[in-house]
Amino acid sequence: MDGLNVSVVSEFVLLGLSGSWETKVFLTLTFSLLYLGIILGNLFIVFLVIADSHLHSPMYFLLANLSLIDVGLSCTTVPRMVTDLLKEHKVISFQSCMAQVCFIHIMGGTEMLLLVAMAFGRYAAICKPLHYLTMMSPPKCILFVVLSWVTGVIHVMSQFSLIINLPFCGPNTIDSFYCDFPRVIQLACSDAAKFEFFGTANSGFMSMVTFFLLFLSYVFILVTVWKRSSGDLSKALGTLLAHITVVVLFFTPCIFIYMWPFPTSSIDKYMFRVDFAITPALNPVIYTLRNKDVQIAAERLRKMASL
C-alpha cells in the first residue's frame, strides 16, 4: 500500500437514517414538505428583494444572499436523503461523495461568514446609526459577500487537498445519509489521524470563531439598547430572540461535531438534519417574512399581480 495514491473504491454505501418503515415514510413526507418550503420560501425572498426597489438596502441584499445559500445547502443533501430513506441499498459514487463534501463546506463556510456580516449590519444600525450608511455602503456589502464566498472556498480547499490524496481501498460504508470529511477520512487505507485532526480542527475553529463573533455582536446590541432604554431589554430581546435561535440551531451541530475529531457515534447524522432542512426552512420566516417591510412589499406584489 506504500505510495498508493489512487483510490480503488468507486462508491460508498450510506447507512442513512434507521427506523421502522412507518418512521421512514413519515420522515420522507416531512422532509419533502420542508424541502418544498425551503425552495419556495427562499426563492420568493430573493425574487421580492430583486423586484421591489423599497428592499434595495444592505440588510435585504445580505438576506437575499443568505436565502440563495440556504437553497444551495439544502439541494446538496436533502433530495438524496429523501430518496434514500425508502431504499434498502443506498450508494453514492466516489466522485459524487467528494463533490457533496465540497459543496456542503463551501455553502456552510460561506453562510457562517454571511451571518457575521448580517450581525455587523444590525450592530451598525443599532449601535452606530449615524455611521450606518458608511459602514454598510453597497460596495462594502458586496465585499462582505465576496469575502464570505472566498473564505468558504479556501476553507474547503484546505481540507479537500488532504482528502483527495488519501488512498481508499478497504471499507466503504458511511454511517450517515451524507458524505463529510471526518467520516470519509476514517475510511482511508492509511494512518489518517493527522488528517482527521486537521480537518475537524479547521471546521471546529471556524465554527467557534464565527459563533463567538455573533455572540459578541448580540451582547453589544443588547447593552446599547439597555443603556438607551433605561434598562428595558424586553423589546430588544423579543427582536433578537428569533435570530439567536436560528444561530444556535445552525452552529450547535457544527461545534459539537467538529470540535471532536475521530467521530465514534452516528449522532452527527441526526444533528445535521437541523442545518440541512430545519434552519433553511426557518430563515425565511425568522429573518424576512415576519418583517413589516417584507410584508408590505409582498402585498404590493400581490396587488400588481391582480391588476
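The values are calculated or read from the model by the stated rules, or taken from the named source; none is laboratory data. Please read these numbers as outputs of a predicted model, since none were measured by experiment. FYI the Cβ positions are ideal-geometry reconstructions off the backbone, even for glycines, and counts take in every protein chain you see. Protein only, heavy atoms only, side chains kept; ligands, DNA and RNA dropped before computing areas. Shrake-Rupley method; radii C 1.70, N 1.55, O 1.52, S 1.80 Å.
Assorted remarks:
- No other residue among Leu85, Leu114 is buried (at least 18 other Cβ atoms within 10 Å of the Cβ) and farther than 19 Å from Val247 by Cβ apart from Leu85.
- Residues within segment 223-257 that are aliphatic (A, V, I, L, M), open to solvent by 30 Å² or more (accessible area, probe 1.4 Å) and either under 30 Å from Ser176 (Cα atoms) or modelled with pLDDT under 80 (or both), tallied: 8
- Residue list for segment 117-126, filter: open to solvent by 40 Å² or more (accessible area, probe 1.4 Å) and free of Cβ contacts under 8 Å to residues at least 24 places away in the same chain: none
- Subset tally (residues that are open to solvent by 10 Å² or more (accessible area, probe 1.4 Å) and under 13 Å from Lys128 (Cα atoms)) for segment 207-221: 2
- Count of residues meeting criterion [among the aliphatic types (A, V, I, L, M) and crowded, with 21+ Cβ neighbours inside 10 Å] in segment 93-106: 3
- Search result, residues across segment 132-164 that are closer than 25 Å to Thr77 by Cβ and not aliphatic (A, V, I, L, M): Ser148, Trp149, Thr151, Gly152, His155, Ser158, Gln159, Phe160, Ser161
- Residue within segment 147-155 that is surrounded by fewer than 16 Cβ atoms within 10 Å (Cβ to Cβ), more than 30 Å from Ala119 (Cα to Cα) and hydrophobic (A, V, I, L, M, F, W, C) present: no
- Residue within segment 258-281 that is more than 21 Å from Thr151 (Cα to Cα), touching a Cys at 6+ places or on another chain (Cβ under 6 Å), open to solvent by less than 40 Å² (accessible area, probe 1.4 Å) and modelled with pLDDT of 80 or more present: no
- Out of Pro138, Pro129, one residue alone is within 30 Å of His56 (Cβ to Cβ), free of Cβ contacts under 8 Å to residues at least 12 places away in the same chain and either open to solvent by less than 10 Å² (accessible area, probe 1.4 Å) or over 22 Å from the mean Cα position of the chain (by Cα) (or both). It is Pro129.
- Within segment 44-65, residues that are surrounded by 22 or more Cβ atoms within 10 Å (Cβ to Cβ) have Cβ atoms under 8 Å from residues that are at pLDDT below 90 and outside any helix (DSSP H, G or I) in these pairs: Val49/His56, counting only partners at least 6 apart in sequence or on another chain.
- Of the candidates Ile38, Ile50, the single residue that is over 16 Å from the mean Cα position of the chain (by Cα) and at pLDDT 90 or above is Ile50.
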